[in-house]
Each structure stands twice: as C-alpha cells, then as structure tokens.
Amino acid sequence: MAPRTKTRERIVQTSLELFNQQGERSVTTNHIAAHMEISPGNLYYHFANKQAIIAELFSEYEVLIGSFLTLPADRTPTIEDKRDYFLAIIDAMWRYRFLHRDLEHLLTSDEELARCYRRFSYRCLMQAMTIYRGFIKAGILKMDESQIEWTSLNTWIILTSWVRFLCTNRENSTEINQSAIRRGVYQVLMLESVFVAPQAREAFDALCETFHASLPEVLM
C-alpha cells in the first residue's frame, strides 16, 4: 500500500509543479506521466483524468486556507496575527498559483469543482467577516457591519484575482514572484487603512511597509 500511496502523492505534487510552471491548459496527463517517468496507465490507476488531479489539489488548497483563516481561540487578535494571516495567504497563493491564474477556465470546465469553489468562497467570506470583527473587538479597526461586509468582499476580490492581474500586466507573465504577490496584500491593507484605530496606527503603518513593493517591480 505504501508504494501506491507514494505514487499518488508524487502525481499530485508533480502536477502542481507543472501546472504552476506551464499553466494547467498546457499540461496533459501524458506530460505528467512522462515527467515522472511512469506509464500513463500507472497514472490512470490513481486518477481517472486530469480533472480528478485538479480536484485533489483544490481540496489540499481548501484545507490549507481553512487551517489558518480563524481567530485565536483564547485571546483577541493582534497586529502580529494580521501579519501572520497575510504571510500564510501569500504562501498559499504562491504554492497553488495555477488555481488563481486559471480559475475561470477550471471552473467552467468542471461543474463539480465550480460548486465546491462557490461553497469555499462563501465560507471564506464569512470567516473574513468574523476575523474583521475580532480586530474591531481588539481595538485595531473601527468598522460598522456594512463596512465589514464590503471590505471582506473587496479583500476577497483583490486576493483571488491578483495573480491573474499579474499575468495580464507583467512583461513576463510566466515569471511571477512572491514579491509581486505581496503587493496584493498591500492593496488590501490600503483598503483597511481608513478604518485603523488611532492607537494601532503606528503598528499598522509598519505592517504596510513590510508588504510594499514598488509598482515597476511588480509589473516588470
């Protein structure tokens, strides 16, 4: 059983690597098998088609996001928690960047994946609103319920579309780096900036600087 499990894991990780490097539409199951130096039949033993591999990768991504998109259980959140949320988001966006870059195509090609993504998206929006309420309770932000709602939605739109923005606006769209992704977080922080409580301003501004990247750097 162990060798079979290892082969399945290798297929998933190799697929992720190739999808990130070349784009999901440019990679076939034959490409994946050839890169691994296994037969297509061996790959199909574990996954019926490429959509099944993508579904597995999305499931991994969903679990990863869910693992950190939550408030601390025993205390109010801090600016350091906000930093950690965004660092984790950047890591996830980078590790599964093909999902962000090719999202529209992936969802139109797989109805079940589209249903899963809509549920995932809704849960993330609800959890983002909960986290914003936590920062309000901590005295870091000042927002009413309407502002929580639209800020959560705008944050989600920015973060889920940022990789596609980079791909369509960078001179070399195949060479996205983590610095460019960090600028997406900076854009979110600029949305939040107008809601920062006076006592948290200095720490918040310092946080913004850690995620800033110049526009020429982002788009070159």
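Laboratory data are not the source of any read-out in this text; all were calculated from the coordinates shown. Just so we're clear, the structure is a prediction, and the values are computed from it rather than from any experiment. Glycine also receives a Cβ, built like all others from the backbone with ideal geometry; neighbour counts cover every protein chain displayed.
Key figures
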{"read-out": "Amide proton proximity set for residue 141, modelled H, under 5 Å, gap of 5+", "value": "136, 197"}
{"read-out": "Lys, Arg +1 and Asp, Glu -1 on Cβ, resulting dipole of the chain about Cα centre, debye, nearest 20", "value": "280 debye"}
{"read-out": "Dipole of segment 116-220, positive end: most advanced residue of 152, 210, 127 [Cβ charges, Cα centre]", "value": "127"}
{"read-out": "Cleavage-rule hits, GluC sites (Glu not before Pro), segment 147-203, DSSP coil, Cβ neighbours within 10 Å at most 15", "value": "171, 175"}
{"read-out": "Largest to smallest principal axis extent of the C-alpha atoms in segment 50-219, angstrom", "value": "51, 36, 26"}
{"read-out": "Electrostatic dipole magnitude of segment 1-48 [Cβ: Lys, Arg +1; Asp, Glu -1; Cα centre; debye, to 20]", "value": "160 debye"}
{"read-out": "GluC sites (Glu not before Pro) restricted to DSSP loop in segment 7-61 with at most 12 other C-beta within 10 Å", "value": "37"}
{"read-out": "Rounded if a/c under 1.5, otherwise prolate or oblate - segment 1-67, Cα gyration tensor axes", "value": "oblate"}
